[in-house]
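The values are calculated or read from the model by the stated rules, or taken from the named source; none is laboratory data. The model shown is predicted, which means the values in this text are computed figures rather than measured ones. Ideal geometry is used to build each Cβ from the backbone, glycine not excepted, and the neighbour counts take in all protein chains shown. Ligands, DNA and RNA are stripped out before the accessible areas are found, and what is left, the full protein with its side chains, is counted by its heavy atoms. Shrake-Rupley method; radii C 1.70, N 1.55, O 1.52, S 1.80 Å.
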Amino acid sequence: MRLAELSRRSGVSTATIKFYLREGLLPPGHRISSTQADYDEEHLRRLQLVRALIQVGGVSVAGARAVLTAVDDASLDQLSRMGTAVAALPQALPAPAEDDAEAPAAERVAVELQRRLGWRVVPENPAHQALVSALSALLRLGYPCDGEALLPYGELAGRLAEHELALVEQFEAPTTQLEAAVALTVLYEPVLLSLRRLAQAEQASRRLRGDAGAGDGGEAGGAED
């Protein structure tokens, strides 16, 4: 397909596609003349991934390039490529500051929790560091964050990870699986947040107002005069 068709099918303007090409986020098309190139389904899928990263995930151009470099790094095995690509995505929180007084205690809680869940502890993983920052804030403000309070979150996260990897494995090509892992991480996080808040609204409605039979959520979470 030509550039115009790639733009039409992807919903991305030709100017933006050209920018992605210049920045190395999209591989060059197959040259058919000195001024024209042809693009295929691989370009379309990669363009959709770039769009998910930048427009939905809020990833910078440099960050997107780091993710895609990991996806395309054939010198790494599949697990390393997936881990590197996902780790390059922005985290909810930065690593704790060096002068964070609660960070050592938060680190202990994070390590204990992961061990109870049977997970490997990788302190340099950006997600581990973000977890420590989150736990540090909870400790500082006096909210529950011991192992018993956190274990259900970890167990739910484990089941979600199993489900997501099963979705990824539906794709056959290794590179396509890596792209899907990145895209699902970016696109499903707002879905998870939204569902959690909807569930909170529903549970609050049932517990605080006693309408245990409410199933349509019509009033849950809404304002009432």
Per DSSP H run of at least 4 residues, take -39500 (n - 2.57); add these up for the chain, divide by its residues and hand me the 222 nm value, nearest 500 deg cm²/dmol.
-20000 deg cm²/dmol
Cβ neighbours within 10 Å, averaged per peptide: list 107-113, 191-197 in order, most packed at the top.
107-113, 191-197
Return the carbon/sulfur percentage of the accessible area of the chain, one whole number, probe 1.4 Å, all protein chains in place.
55 percent
Return one number: the angle in degrees, 0 to 90 and rounded to the nearest 10, between the long axis of the Cα atoms of helix 174-209 and the longest principal axis of the Cα atoms of the chain.
30 degrees
Tilt of helix 126-141 relative to the longest C-alpha principal axis of the chain, in degrees (0 to 90, nearest 10)?
30 degrees
For the range 91-170, with every protein chain kept in place, what is the accessible area per residue (1.4 Å probe, Å²)?
66 Å²
Scoring the range 91-170 by relative contact order with C-alpha pairs under 8 Å, at least six apart, yields a percentage of 37 percent
For labels at ALA95 and GLU189 in the simple 7 Å Cα→Cβ model, what's the distance in nm?
1.8 nm
Would you work out the relative contact order for the chain, in percent, from Cα pairs under 8 angstrom that are 6 or more residues apart?
16 percent
Among (1) 171; (2) 198; (3) 141, the entry that matches volume of the Cα convex hull per residue in Å³ as calculated here:
(2)
Nearest 10, in degrees from 0 to 90: the angle of helix 61-72 to the longest Cα principal axis of the chain is 80 degrees
Shape call for the range 54-142 from the C-alpha gyration tensor, a ≥ b ≥ c root eigenvalues: rounded (a/c under 1.5), prolate (a/b greater than b/c) or oblate?
oblate
